[in-house]
Structures are given as C-alpha cells and as structure tokens.
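Computed from the coordinates by the stated procedures, all read-outs in this text should not be read as laboratory data. Bear in mind the structure is a predicted one, so any value in this text is a computation, not a measurement. Here Cβ is always computed from backbone atoms with ideal geometry, including for glycine, and neighbour counts include all displayed protein chains.
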Amino acid sequence: MLNRPLSGKAALVTGSTSGIGLGIAHALAAQGADILFNGFGDAALIEQLQQQTASVHGVNTAYHGADMSKPEEIEAMMKEATAHFGGVDILVNNAGIQHVANIEDFPTDRWDAIIAINLSSAFHTTRLALPYMQQKNWGRIINIASVHGLVASAGKSAYVAAKHGLIGLTKVTALENAHTGITCNAICPGWVLTPLVQKQVDARAAQDNIPLEQAKKALLMEKQPSGEFVTPEDLGAMAVFLCSPAANQVRGAAWNMDGGWAAQ
Ligand code: NAD
C-alpha cells in the first residue's frame, strides 16, 4: 500500500465520527493519508472506527474528542496532532450542526453554538495548522460549507450566516497563502442524507403527517433538481481531487455539489 498519493500526509477531519466527515476520512485514508478523527459518539464505536480504518487502509489513525465550540479544546487537539503526526497536512473543517426556526423565535444559545461550531472552529484550526503547512510549503485546507454558503433558505439564519462566513474565510485563507503550496477551498453540498438531515426529514414527516419516504422526496424536490441525495462518497472524491496536484491552482473556490440547487 506504499506510494499512494497521500502517503505520509496527516489529515485532521473535524466531525468525522458520522456522515460527510466520515466519508471524507475514508476517502483520504484510501489514498494513504493518516487520519486524526474528531467528533462525538460512543467511545467503543469510535475506537472500532479508528481500528477498522487503520487496518483496511494500512494507515495510522488517532482520535481527539475536542468540542469544536471550545477554542481551548481545539488548541489541545492541534497539540495532539503535532505530537502524534508532526502536524496537520490536510485540514478538513467539517464539524457542523443545524437548528431551524424563524429569526424572532431563534434561541440565542443555538445561534451562538452554530456560529462557534460551523464558523469560528475553522478559524481556530486554520490559524493553528498554518505555521506547520507554511514551514513545509504544502497544505490543503478544505472547508465543508454548504449550498447555504451561496444561497439562503428561510428558517436557517445562523446556518446560512455561518456558511457564508466560512466561504469568506476560505477566500481570505486562499489569498494569504496564494504564493505558497497551501490551498484553501470550500465544498458546498446540497442535501446529503446524514443524521443532520434525517432530523429535518423527521420534522417534515411530523409536521405534514406524511411517511418518511414522502418527506424525503418533498425535501429534495423543493430545492434539489436532481431529486437525488449527494453522498458522503461523492464528497470524499471531491476532497481527494482537491488534495491532488491537479488542484494546485484551485484556490479560494466554493465548489457546489448540489444536484443543481444553486443553478436555479
Ligand atoms: P452529521 O450530524 O452526520 O455529522 C456531524 C459531525 O460533527 C459528527 O461527527 C458530530 O459528532 C460532529 N460534531 C457536532 N458538533 C460537534 C462539536 N461541538 N464538536 C466536535 N464535533 C462535533 O452531519 P453531516 O450532515 O455529515 O454534516 C457535516 C458537515 O456538512 C456540516 O458542517 C454540515 O453543515 C455540512 N453539510 C451537510 C449537508 C447535509 O445535507 N447533510 C449539506 C451541506 C453541508
């Protein structure tokens, strides 16, 4: 398994115990990258996840449970990354949460949590990862934004604000490092059927008193012209491309993979 394109690189994927982050972690490991997992979940299952990834892909894995809303825990995780792997070559800022309510009803603690986890955490990991990448003159920073970084939906004020902000941070990071081997880009998925979206499917089914399958279709058809979910595997392949030499000059892009959502 030697000589794979990402052999010898260490990737930190935040929020990689589930959904899109897990898909991206697997895709990077399949190309030879060592993986530092992060995210919440059952300790035994996370241990299993690490071990399986290590044995299937022949890479080193580690885990840090930093709460991405807490800068001091992010600092501890970045220190552990240095101790374990020397530093982070590939940083995927993926951890995220959602809350849906109109602005006048939006709980202020949910606003603060969404801004902290979906936006500020990427600032903290990026500022702490850059010195090592600059020293090596190579790095990849991939911010998992959303089609909601490009367009809005009612009821998602904090999420839309955070994701638009994340695309802004992506552009600044790309520009500040444009003369180096470090690139920074955002990926903007449309609907992906993960636990984050399943909650919205469940809420739609309850609200309209319809079966889950019908709620899924209703959500998709409202926004996503393909009528099909994007998958974590599709997004993993995009992340692998952004890590490849072919993407050396892809800098500051916000690349939607959204079944046509933003084309409307
Ligand atoms: P998910 O709920 O399946 O996974 C979220 C991950 O983030 C989990 O590993 C969870 O443990 C972790 N996490 C949550 N809060 C955390 C915290 N405070 N500290 C550390 N980890 C934390 O969700 P997902 O759909 O895979 O979402 C991943 C990213 O993709 C998010 O940023 C989300 O906004 C974005 N996204 C999702 C969709 C979609 O349709 N699912 C679409 C566009 C963008």
* Report, in degrees rounded to the nearest 10, the 0 to 90 angle that the Cα long axis of helix 121-136 makes with the longest principal axis of the chain. => 20
* To do: Name the residue, out of E213, E104, E233, whose mean-square fluctuation peaks in a Gaussian network model built on the chain with Cα pairs under 10 Å.
  => E104
* Asked: What is the distance in Å between the Cα centres of segment 71-112 and segment 1-58?
  -> 18
* To do: Would you mind counting up the charge near L22? Only other residues with Cβ under 15 Å from its Cβ, with Lys and Arg at +1 and Asp and Glu at -1.
  => -4
* Label-point separation in nm, Q52 to A154, each point 7 Å along Cα→Cβ -> 4.1
* **Distance in nm between pseudo-label sites at D67 and Q264 (7 Å out along the Cβ direction from Cα)** => 3.7
* For the chain, find the longest principal axis of its Cα atoms and tell me its angle to the long axis of helix 212-223, 0 to 90°, nearest 10. => 80
* Asked: Once you have the alpha carbon radius of gyration of segment 150-264, what is it after dividing by 2.2 N^0.38 Å, with N set to its residue count?
  -> 1.23
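Which value, in Å³ per residue, describes the convex hull spanned by the Cα atoms of the chain? Walk me through the numbers before you get to the answer.
On the way: hull volume 34.0 nm³, N = 264.
With only Cα atoms used, the chain gives 129 Å³ per residue.
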* To do: Select from L130, A25, L196 the residue farthest towards the positive end of the dipole of the chain; place +1 on Cβ of Lys and Arg, -1 on Cβ of Asp and Glu, and compute about the Cα centre.
  => L130
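Extension gain Q207-I103, at 0.36 nm per residue separation less the Cα-Cα distance, in nm?
Extra length available between Q207 and I103 comes to 35.5 nm.
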* Residue-wise HN-Hα coupling along segment 65-82, computed from phi with Karplus coefficients 6.51, -1.76, 1.60 (Hz; x: Gly, Pro) -> x, 3, 7, 6, 8, 10, x, 5, 6, 5, 4, 5, 5, 5, 5, 5, 4, 5
* Asked: With the calculation restricted to Cα positions, what are the radius of gyration and Dmax of segment 25-99 in angstrom?
  -> 12.4, 38
* Which of the residue pairs K171/K216; K136/K171; K156/K216; K79/K199; K156/K223; K9/K136 have a Cα-Cα distance greater than 23 Å in the structure shown? -> K171/K216; K79/K199
